[in-house]
Amino acid sequence: MMNLIQKIAANKIRKEFGGFDKKRDEGQTTPDDITRYDNIKYGDDPKWPQWQLLDVYRPKGVEGKLPVIVSVHGGGWVYGNKDVYQFYCMRLAQRGFAVVNFSYRLAPEEIFPAAIEDTEKVFNWICNNADQYGLDLNNVFAVGDSAGAHLLSLYASAVSNDEYAKNYPFIQKKNLTLRGVALNCGKYKLKVPGDDKNITLLVKGYLPHHGTEEELDMVDGSAHVTKNFPPAFVMTCNGDFLYSQADYMTKALEAAGVQYEYHCYGTDEKPLWHVFHCDPKLEEAVVCNDQECAFFKKLCVN
């Protein structure tokens, strides 16, 4: 049964983050050069039909199959949906990609690994609908921020590390190549000294056994990286409360010999903030998203 304290913590995050995101997106509209396909069902959980939906965004007038970016949204595992990420994702699509923007089942209502299960369902949906929506299965990329970067790091390890994949028997081999990932302002180790008490509550509500040492090791986004992990763009910024977390991931990538780029935006004089890149009006966000998409394009194959 859902712990009342964890539910209160989740509702607090939903209210606070929701207010910030609403203000950020005020006045934003669908760009004239984007074609969008909305509210496509990808899962069949009757309890949460509003969470197992996705959108596809494409640059208007561009024919044929495009490289794909899948967006795994953040929100402390308890908040967020595709609508909160629509304007950010459409800006990525303007850079020459078909972008798949999806909602997933949230904690504490649905605990780990529900969000990973939904991520797998989305990648299967892409395989099954590539022709209809013009999706290039040879060039599939993914972005994730905050808790979404955590989920994406686990998923990327599960599809590239056969031993780790045993924890996720629902993930199957498919006719798709995850060519690269962008991990933005991510949380990779879920328990470190100095963690805010609210983060601790969220983690307890997210994991089935509330964060045993065994669980924490299994969901450590930096602990299961092998040489087969996709090339990664790891991003943080001055002012990000998860700034120190990027170091765990870059050290793991370095040790495994994985191609990666590390970027830190902002300065001490002009700090930014957690997931600043989601604000399409912000100059630094434009630079960051340009660089991530350039990183992906360099990895594309014909």
- When both residues are 6+ apart or on different chains and their Cβ atoms are under 7 Å apart, which pairs have a first residue that lies in the stretch 203-222 and is free of Cβ contacts under 8 Å to residues at least 40 places away in the same chain and closer than 24 Å to D145 by Cβ, and a second that is among the aromatic types (F, W, Y) and surrounded by 15 or more Cβ atoms within 10 Å (Cβ to Cβ)? D220/Y188
- Query: So P169 clears everything in (1) of a type outside the set (D, E); (2) farther than 30 Å from C288 by Cα; (3) modelled with pLDDT of 95 or more; (4) open to solvent by less than 20 Å² (accessible area, probe 1.4 Å) except one condition, right? Which one?
  - Reply: (4)
- Message: Against the condition at pLDDT 95 or above, open to solvent by 20 Å² or more (accessible area, probe 1.4 Å) and not charged (D, E, K, R), how does G43 come out, does it pass?
- Response: no
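Report whether or not R95 is over 29 Å from L190 (Cβ atoms), touching a residue at least 12 places away in the same chain (Cβ under 8 Å) and assigned to a strand (DSSP E or B).
no
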- Task: Residue by residue through the stretch 263-274, note down the ones that are surrounded by fewer than 16 Cβ atoms within 10 Å (Cβ to Cβ) and either among the hydroxyl-bearing types (S, T, Y) or part of a strand (DSSP E or B) (or both).
- Result: C264, T267
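If only one of V181, V192 is in a strand (DSSP E or B), touching a Ser or Thr at 6+ places or on another chain (Cβ under 9 Å) and either within 22 Å of T226 (Cα to Cα) or at pLDDT below 95 (or both), which one is it?
Values: V192 fails: in a strand (DSSP E or B).
Unique residue meeting the criteria: V181.
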- Filter the stretch 203-254 for residues that are of a type in the set (K, R) and at pLDDT 95 or above; which is least open to solvent (accessible area, probe 1.4 Å)? K251
- Tell me, yes or no, whether the stretch 78-96 has at least one residue that is among the hydroxyl-bearing types (S, T, Y), touching a Ser or Thr at 6+ places or on another chain (Cβ under 6 Å) and open to solvent by 10 Å² or more (accessible area, probe 1.4 Å). yes
- Message: Please go through the stretch 1-15 and give me each residue that is in a helix (DSSP H, G or I) and either in contact (Cβ under 8 Å) with a residue 60 or more places away in the chain or under 12 Å from V78 (Cα atoms) (or both), ordered by number.
- Response: I5, Q6, K7, I8, A9, A10, N11, K12, I13, R14, K15
- Scanning the stretch 276-302 residue by residue, those at pLDDT 95 or above, closer than 19 Å to N238 by Cα and part of a loop (DSSP other than H, G, I, E, B) turn out to be D279, L282
- How many residues does the stretch 1-19 contain that are under 22 Å from the mean Cα position of the chain (by Cα) and surrounded by 14 or more Cβ atoms within 10 Å (Cβ to Cβ)? 7
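The values are calculated or read from the model by the stated rules, or taken from the named source; none is laboratory data. Note that the structure is predicted; figures quoted are calculated from it, not measured. In this analysis, Cβ positions are derived from the backbone assuming ideal geometry, glycine residues included, and neighbour counts consider all displayed protein chains. Note: accessible area is taken over every heavy atom of the protein model, side chains too, but ligands, DNA and RNA are not part of it. Shrake-Rupley method; radii C 1.70, N 1.55, O 1.52, S 1.80 Å.
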